[in-house]
Amino acid sequence: MTMAPPLADSAKPYLQIVDVVKQFGEHTAVNGVNLSIAKNEIFALLGSSGCGKSTLLRMLAGMETPTSGRIILDGQDVTRLPPYERPINMMFQSYALFPHMTVEQNIAFGLQQDHLVKSEVQERVARMLELVQMSKYARRKPFQLSGGQQQRVALARSLAKRPKLLLLDEPLGALDKKLRQQTQLELVNMIEQVGVTCIMVTHDQEEAMTMASRVGIMSEGQLLQVASPNDIYERPNCRFTAEFIGETNLFSGQVIVDEADHVEVGASELRLPVYVGHGITGTLGMPVWVSIRPERVGLSRSEPAGSCNHDHGTVQDIAYLGGFSIYHIQLASGKVIKASVPATRWREETAPTWGEAVYVSWADNDAVVLTL
């Protein structure tokens, strides 16, 4: 069973996913997921293809029924309700706009199906068009719009019914990278203006980390970690999260010192034990991994003074990325460690080049010990 950390005391659960399991024959797609979402929260489910995130989203939408477990929204058990009886709207990656309808007709369709009076439909459509800045395109058909404009219309249609829960399935997946980056914060602002609770599914790390207040990492049907984007990146709780989110350097070893405020790990790939500035309340000799992000690794030609966390090696490769470069340093053990070094680092001296001997170092608080 996978447990998510509790919300803050001030954040009363608005959506509760309780012990949810989904099996397809002998395959378990979602395995005992527990999760609480606060009202008006934007939450992201992040994971690779086949991890179960889309299946979980479809169960929330009512398109799949859990094998076991419950889904409770605003105090109502919606586990067995059909999609059309749930106060939930889902926006698909394909947008699913009606090609024969205009923009305003697409937005009005769901409201008309709910038999709202004409004046109410017109008022909501006008408000949604203004919100997504599409008022001047109201009479156009979807084929006359760009991908970004179609995405806005799909969002407006989803928000027009004022759902209690908005589900986004790869919301920006159909856009090119540059437009996707421009749209991320814009989409968040629109959702926050309406004041709707939102769960989005994505495989794009940048999208999840930029748009969501909390992120859930899924793998093989389970939630491995639920935390803020900062905590997910800086304090991963397992090897999968550390490797899945961004880049990291991982060293395997054994605990040789474990105190309340620090751990020392003996790693065969490094000359010296790694000193880490936090305790793990483990046992001496237990196998662990140490994770160090590339941007936390310092690079120098001389041995760092007073640093217990350092080693030396040879520049094996350099990836120049404009504002920074990724250095691949091969240590004496044969292990390659990556260092992300800003271009400003070399203002006072010439940057190291291929084949040059260098030192790598990091602070004790820049490393994380992982036991899983």
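Phi angles across the stretch 290-302 convert, under the Karplus curve 6.51 cos²θ - 1.76 cosθ + 1.60 with θ = phi - 60°, into 3J(HN,Hα) values of 10, 10, 9, 5, x, 6, 8, 8, x, 10, 8, 8, 10 Hz, Gly and Pro given as x.
Label-to-label distance, Ala363 versus Tyr84, with points set 7 angstrom from Cα along the beta-carbon direction: 6.0 nm.
In this structure, the residue pairs whose Cα-Cα separation is over 27 Å, taken from Lys53/Lys141; Lys136/Lys161; Lys22/Lys164; Lys177/Lys338; Lys53/Lys177; Lys118/Lys164, are Lys53/Lys141.
Net charge in the neighbourhood of Arg140 (other residues with Cβ under 15 Å of its Cβ; Lys, Arg +1, Asp, Glu -1) is +4. Extent along the principal axes, Cα only, for the stretch 13-240: 50, 39, 31 Å, with the longest axis given first.
Once the Cβ-Cβ distance of Thr314 and Asp261 is raised to the sixth power relative to R0 = 22 Å, the FRET efficiency obtained is 0.05. Working from label points 7 Å from Cα in the Cα-to-Cβ sense, the Ala343 to Asp114 distance is 5.1 nm. Take the Cα of Ser252, go 7 Å toward its beta carbon, and none of the backbone nitrogen atoms of the stretch 335-371 fall under 13 Å from that spot. In order along the stretch 245-259, phi translates into HN-Hα couplings of 8, x, 9, 8, 9, 10, 10, 8, x, 10, 6, 10, 9, 9, 10 Hz, rounded to whole numbers, per the Karplus curve 6.51 cos²θ - 1.76 cosθ + 1.60 with θ = phi - 60° and x for Gly and Pro.
3J(HN,Hα) couplings calculated from phi for the stretch 215-221 with the Karplus curve 6.51 cos²θ - 1.76 cosθ + 1.60 (θ = phi - 60°) are, in sequence order, 10, x, 8, 10, 7, 6, x Hz; Gly and Pro show x.
Test of understanding: ordering Trp362, Trp354, Trp289 by Cβ neighbours within 10 Å, fewest first, what list do you get?
Going from sparsest to densest Cβ surroundings: Trp354, Trp289, Trp362.
In the stretch 247-370, taking the dipole from charged Cβ atoms about the Cα centre, the farthest positive-side position among His310, Val341, Val276 is held by Val341. Residues Met101, Met90, Met200, arranged from fewest to most other Cβ atoms within 10 angstrom of their Cβ, appear as Met101, Met90, Met200.
How big is the charge dipole of the stretch 247-370 about its Cα centre, in debye rounded to the nearest 20, if each Lys and Arg gets +1 on its Cβ and each Asp and Glu gets -1 on its Cβ? Write down the numbers at each step before the final one.
Working: 8 positive and 15 negative charges, 64 e Å.
So the dipole magnitude of the stretch 247-370 works out to roughly 300 debye.
Find, to one decimal place in angstroms, the Kirkwood hydrodynamic radius of the stretch 254-365, where the mean of 1/r is taken over every pair of different Cα atoms and then inverted.
14.9
Bear in mind these aren't lab numbers, they're just calculated from the coordinates by the rules spelled out. Quick caveat: nothing in here was measured; it's all calculated off a predicted structure. Cβ sites come from the backbone with ideal geometry, for glycine too, and all protein chains shown count toward neighbours.
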